[in-house]
1. Could you tell me whether the stretch 104-120 includes any residue that is at pLDDT 95 or above, exposed (fewer than 14 other Cβ atoms within 10 Å of the Cβ) and either at positive phi or of a type in the set (A, V, I, L, M, F, W, C) (or both)?
2. Output the number of the condition that Thr45 fails; it satisfies all remaining conditions of (1) surrounded by fewer than 14 Cβ atoms within 10 Å (Cβ to Cβ); (2) at pLDDT below 50; (3) within 19 Å of Ala113 (Cβ to Cβ); (4) not aliphatic (A, V, I, L, M).
3. From the list Thr72, Thr77, pick out the single residue that is crowded, with 17+ Cβ neighbours inside 10 Å, modelled with pLDDT under 90, touching a Gly at 6+ places or on another chain (Cβ under 9 Å) and of a type in the set (Ser, Thr, Tyr).
4. Just to be sure, is Ala163 outside any strand (DSSP E or B), at pLDDT 95 or above and under 12 Å from the mean Cα position of the chain (by Cα)?
5. What is the number of the single condition among (1) within 14 Å of Leu59 (Cβ to Cβ); (2) basic (Lys, Arg); (3) assigned to a loop (DSSP other than H, G, I, E, B) that Arg82 does not meet?
6. Quick check on Asp152: is it without any contact (Cβ under 8 Å) to a residue 24 or more places away in the chain, within 17 Å of the chain's Cα centre (by Cα) and closer than 16 Å to Pro63 by Cβ?
7. Looking at the stretch 105-136, which of its residues are acidic (Asp, Glu) and in contact (Cβ under 8 Å) with a residue 60 or more places away in the chain?
8. Free of Cβ contacts under 8 Å to residues at least 60 places away in the same chain and outside any strand (DSSP E or B) - does that describe any residue in the stretch 168-178?
Amino acid sequence: MIVRVSGVYAALMLALTGCSTLTPPDETPSGELLAGRMSVQVAATETEPAHNLTASFELSGTPQRGRLDMNTPLGSTVARARWSPETVVLDTPQGQTRHANLDELTRAVVGEALPVPALFDWLRGRPWPGAISVATAPPEPTGFSQLGWRVDLSRFDESRLTARRAAPPVVTVQVKLDAP
C-alpha cells in the first residue's frame, strides 16, 4: 500500500498540516452539495499495513459529472477529484493525474476502490438505483447491503453513516454530514 499511494497520501498529509494548498475551486458541477467529515480505514492484510485517511469533504454534482474536494480543518483544498464522461482527474499540490475511472482514482488515493457514484445516494440515506440492494432485517442495524458494502443508517438522524466492505481488505467509511 505504501508504494501505491505514497505520493498522494504524503501530499494529503502535508497539506493537512497547513503547508500546501490548491488554487481556489473552479466551477462547481450542478447538483446538491454534500459536505462533512469522512474517515476511510483500510484494514491490514498479509502484505499491506492498515491505513486510514480523515478529512473534511465537499461532494457536488452527480455520479456522471461531479467533484469531490478533500479539505484541511482550516478549509484549504488538498485534493480535488473531478469526473465527467470524458475524463477523471485528481488534482493535488504535487500536480494532476488522470485516471480511467473513479474506481482507479479512489484506489490511487486510499488503496481501495470506493463506490463514489453510490455515495451520492448513500449520503442521502437511500440505496443507489444503479445496483441491486437488500434491506437489513432485525437484529441488524437499519440500513441495506449494496455492491458488497453494508450501509448502516442507524444513526442517520444524527447525520452519520457508516459503510463497510467485508471482503479483504476490510474497508470502513464513516461520514458525519454537516447540517444543511
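1. No, that holds for no residue.
2. All conditions pass for Thr45, except number (2).
3. Unique residue meeting the criteria: Thr72.
4. In short, no.
5. (3)
6. no
7. Glu112
8. no
The values are calculated or read from the model by the stated rules, or taken from the named source; none is laboratory data. As the structure is a computational prediction, the values presented were derived from the model and not from experiment. Positions of Cβ are backbone-derived with ideal geometry, glycine not excepted, and every protein chain shown enters the neighbour counts.
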